[in-house]
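Remarks on the structure that follows.
The numbers here are math on the coordinates, done by the rules we state, and not lab data. Predicted model only: the values in this text are computed from it and were never measured. Glycine also receives a Cβ, built like all others from the backbone with ideal geometry; neighbour counts cover every protein chain displayed.
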Amino acid sequence: MLFELKYQGVFEIPEGNGACVITLTDENETRALSIVTTRDLAMNLKEHEKKLDSCKTNALDILYSQASLLDGFSLNLIVLDAEKDKGFKAYLCFDKSTGEERFRVEVDQAILLALVSGVQLKATAMAFKYFSTPFNKSVQSVALPIIGLPEPMLRKALDQAIGDENYEMASVIRDEIKRREEENNILDNE
């Protein structure tokens, strides 16, 4: 099952070392997905919000790099999927009379491409199950899943949790840091 997504905006995380957050909601605007991105991509999204033509170049570069591999295919859907312990994945779905082809791309780039090209952006039930949070348009903050935080923010959150004597949260954050370190060690040894 796929859920249509609405773009709500992008903002910089205070003290986030250049990290920004893209907020997407379900059609009813009751659940939100928060995707961490870079300041550069956030600026492209802001350019899109202001209807500036300069944002189209980056998004179209993404599309052309994928589409050039697929003669006769047309991009008909962009899907955000998720794995519980790994975070979000994004796929460009190309349609052709002989079938569908999917190509994996960076999540934040997929969102920009969807906004600029007008192609539908949808999320799987798994993405909502594991990573959505309640959404209230009048609230000026969003909850971020720990798995999406950059390393410096994780360490800062760990220090904060310990300082607040929230040892359960500190344990969860420490486990995520260890998981990433182990994953990096595996990749380094390959």
FRET E, pair E165, R104, Förster distance 41 Å, beta-carbon r, rounded to 0.05: 0.50
At R0 = 45 Å, how high is the FRET efficiency between D85 and K50 if r is their beta carbon distance? Nearest 0.05 is fine. 0.75
Let me check against my output: what whole-number percent is the relative contact order of the chain, with C-alpha pairs under 8 Å and at least 6 apart? 21 percent
For segment 84-164, what relative contact order do you get, as a whole percent, if you take Cα pairs closer than 8 Å and at least 6 residues apart? 23 percent
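Take each of the peptides 13-24, 30-41, 173-184, average the number of other beta-carbon atoms within 10 Å over its residues, and list them starting from the highest.
Per-residue Cβ counts within 10 Å, averaged per peptide and sorted highest first, yield 30-41, 13-24, 173-184.
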Determine the principal axes of the Cα atoms in segment 149-190, then give the extent along each, sorted from largest to smallest and rounded to whole angstroms. 39, 17, 11
Taking the beta-carbon count within 10 Å as an exposure proxy, list D108, D85, D188, D95 from fewest neighbours to most. D188, D85, D95, D108
Loop only by DSSP, 15 or fewer other Cβ within 10 Å of the Cβ. Give me the trypsin sites (Lys or Arg not before Pro) in segment 83-168 that pass, ordered by residue number. K84, K86, K137
Dipole moment magnitude, nearest 20 debye, the chain about Cα centre, only Lys, Arg, Asp, Glu C-beta charged: 480 debye
Distance histogram for the chain (every C-alpha pair counted, 5 angstrom bins, percent rounded to whole numbers): 1, 7, 14, 17, 19, 16, 12, 7, 3, 1, 0, 0
